[in-house]
Amino acid sequence: MNWTEYREQLIKNIVVLSSEHRLDFAIKICEKLLPDYKTFYNECKWGDLDLLTDGLILCKQNANGLDSDVKTVERLISRIEEITPDMEDFEEVSGSLALNSANAMSETLNFILDNKTERITDIGSFSYDSAFFKAGEFNTKLSDAEVENEI
């Protein structure tokens, strides 16, 4: 499935979900991408894995009905943005994967605050990008189009 097909299908699937199911979807992606940040953190000795873990805990608590203080969520988003790798500084694939992981967490936390469907679409996009990077990393001789077919 290429990027355009994926995005179209993602949007179709997301718009019919309730807000609760959208949050659950975002949390699942964050859980899936968190190990990528851990790998980056261990390789580059940069960032703060605990902040992403704290974000995931807060998201799960919110999904279970425990409302979060807006200021607490905003502070956590700000702190996660500080430990989101800049690709100008970290050019490794692990940096790109960590960027997607941190961005997915930030967007999930923002979704808790504003309930914007576009955030969930963006989170799904981070998941696709990560799958694309990983497929390309393992299949270095494939073109981008061939990598898309591997996803």
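General observations
- Size descriptor, Kirkwood hydrodynamic radius, that averages inverse alpha-carbon separations across segment 49-122, Å: 12.7 Å
- For segment 48-144, trypsin sites (Lys or Arg not before Pro) meeting the loop criterion (DSSP other than H, G, I, E, B) and having at most 12 other Cβ atoms within 10 Å: LYS141.
- Solvent-accessible area of LEU113, all protein chains in place: 70 Å² (probe radius 1.4 Å, heavy atoms, ligands and nucleic acids excluded).
- ASN42-GLU74 FRET efficiency (beta carbon distance; Förster radius 22 Å; 0.05 resolution): 0.15
- Kirkwood-based shape ratio for the chain, expressed as Rg/Rh from alpha carbons: 0.98
- Loop GluC sites (Glu not before Pro), segment 89-132 (other Cβ atoms within 10 Å of the site Cβ: 14 or fewer; DSSP): GLU91, GLU92
- VAL15 versus ASP67: modelled label distance in nm, points set 7 Å from Cα along the beta carbon direction: 3.0 nm
- In plain terms, the chain from LEU113 to LEU49 could stretch by 20.8 nm, reckoned as 0.36 nm per residue minus the Cα-Cα distance.
- Solvent exposure of the chain amounts to 56 Å² per residue of accessible area, where only protein heavy atoms count and the probe is 1.4 Å.
- Helix-derived mean residue ellipticity, 222 nm - over the chain, DSSP H n ≥ 4, -39500 (n - 2.57), to 500: -26000 deg cm²/dmol
The values are calculated or read from the model by the stated rules, or taken from the named source; none is laboratory data. Bear in mind that the values here come from a model prediction, so they are computed numbers and not experimental data. All Cβ positions, glycine included, derive from the backbone under ideal geometry; neighbour counts span all protein chains shown. Note: accessible area is taken over every heavy atom of the protein model, side chains too, but ligands, DNA and RNA are not part of it. Shrake-Rupley method; radii C 1.70, N 1.55, O 1.52, S 1.80 Å.
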